[in-house]
Amino acid sequence: MKTTDVKAYSNGKENGVRLFVCKSYDALSAKAAAIVSGEINKKANFVLGLATGTSPIGLYTELARLNDEGKVDFSRVTTYNLDEYYPIDAENDQSYRYFMNKYLFNKVNINMDDTHLLNGRAPDPEAECRAYDEAIVNAGNIDLQVLGIGCNGHIGFNEPGDKFIMGTHLVELTENTIEANSRLFNSADEVPRHALSMGIGAIMNAKSIVLVANGKNKAKAVKDALEGEITPYCQASILRLHKNVVFVIDEDAASELTEYKPL
Ligand code: F6R
């Protein structure tokens with residue numbers, strides 16, 4: 001990665017979200033991986049929060065490469081993922097467990113028992129959510145949470161609405177999401193109608209947060225999150241109340257920002 005491929009920006013506010021704008025998806029992935037691996041290397045028994053989706057695939061590929069080269073060690077890393085469909089079997093190739101195994105866990109020296117996702121077949125989803133929150137607290141909270149952002153500003157499956165939900169919870173998917181996801185399943189009937197999602201509480205309790213976003217279709221969500229009102233109608237906007245957040249995004253995703261200037 002050339003240093004010119006990544007530029008630091010600031011909106012001049014103390015404690016503001018730190019922003020890196022990258023020339024390409026590869027530069028974005030390398031920058032995010034450098035931050036994540038740097039943090040992992042600083043602390044034993046690291047608790048890493050993870051996201052699925054297309055945005056972090058490059059980050060995970062880069063982390064796997066760094067692991068392969070001996071530059072980051074996952075043997076004492078514990079992970080908690082943001083969300084999982086409900087109901088879904090872990091073996092289903094659309095499950096987020098399947099995704100994580102494929103893109104990260106099978107490629108690094110992590111102990112599989114230390115990788116946690118919400119159970120898409122939990123008999124009692126409420127109990128599953130409470131146990132997940134308790135496990136995160138008992139682990140000492142998340143050291144670094146990786147996030148993507150939805151086009152509507154969602155983080156995890158925390159969708160726009162009139163409130164921020166703090167705890168892990170069962171989410172009813174909107175018809176739009178079901179339809180968007182149906183292309184990945186054999187038929188729309190197979191798309192799960194619900195998901196389990198970490199709430200805003202565990203995300204905001206993370207000691208640091210790295211959000212990755214690329215593409216023009218994310219520009220409005222990034223603008224609303226960083227420069228709009230802090231409101232549950234853009235769930236990511238709450239990240240501005242956190243003291244240690246970095247956005248690592250490409251030029252397209254940054255294209256609507258007006259308040260940030262190069263450092
Ligand atoms: C996935 C998740 C979602 C995604 C978001 C962006 O675990 O929590 O909030 O981060 O929908 O998805 P992509 O990266 O596919 O655009």
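Here are some notes:
- Residue ranges of strands (runs of 3 or more DSSP E) in segment 152-214 with at least 3 members in contact (Cβ under 8 Å) with a residue 40 or more places away in the chain and either crowded, with 20+ Cβ neighbours inside 10 Å or basic (K, R) (or both): 194-197, 208-213
- Among all positions in segment 176-187, there is no residue which is in contact with a Cys (Cβ under 9 Å, 6 or more places away or on another chain) and of a type outside the set (D, E).
- Subset of segment 229-249 [open to solvent by 20 Å² or more (accessible area, probe 1.4 Å) and not in a loop (DSSP other than H, G, I, E, B)]: T231, R240, L241
- Leading residue by the ranking (farthest from the ligand (Cβ to nearest atom)) among those in segment 44-62 that are closer than 18 Å to T78 by Cα and among the aliphatic types (A, V, I, L, M): A44
- Members of segment 75-93 found to be open to solvent by less than 40 Å² (accessible area, probe 1.4 Å) and assigned to a loop (DSSP other than H, G, I, E, B), listed by number: L82, I88
- From the list A188, A139, A180, A135, the lone residue that is within 14 Å of the ligand (Cβ to nearest atom) and of a type in the set (A, V, I, L, M) is A180.
- In segment 95-120, the residue that is most open to solvent (accessible area, probe 1.4 Å) out of those that are within 17 Å of the chain's Cα centre (by Cα) and touching a residue at least 40 places away in the same chain (Cβ under 8 Å) is Y103.
- Of all residues making up segment 236-263, the number that are among the basic types (K, R) and within 21 Å of G156 (Cα to Cα): 2
- For segment 215-225, a residue qualifies if it is of a type in the set (A, V, I, L, M) and either open to solvent by 10 Å² or more (accessible area, probe 1.4 Å) or farther than 18 Å from Q145 by Cα (or both), and the qualifying residues are A219, A221.
The values are calculated or read from the model by the stated rules, or taken from the named source; none is laboratory data. Being a predicted model, the structure only gives us computed values, none of them experimental. Don't worry about glycine lacking a Cβ; one is built from the backbone with ideal geometry, like all the others, and counts go over all protein chains shown. Accessible surface areas use protein heavy atoms only, side chains included; no ligands, DNA or RNA. Shrake-Rupley method; radii C 1.70, N 1.55, O 1.52, S 1.80 Å.
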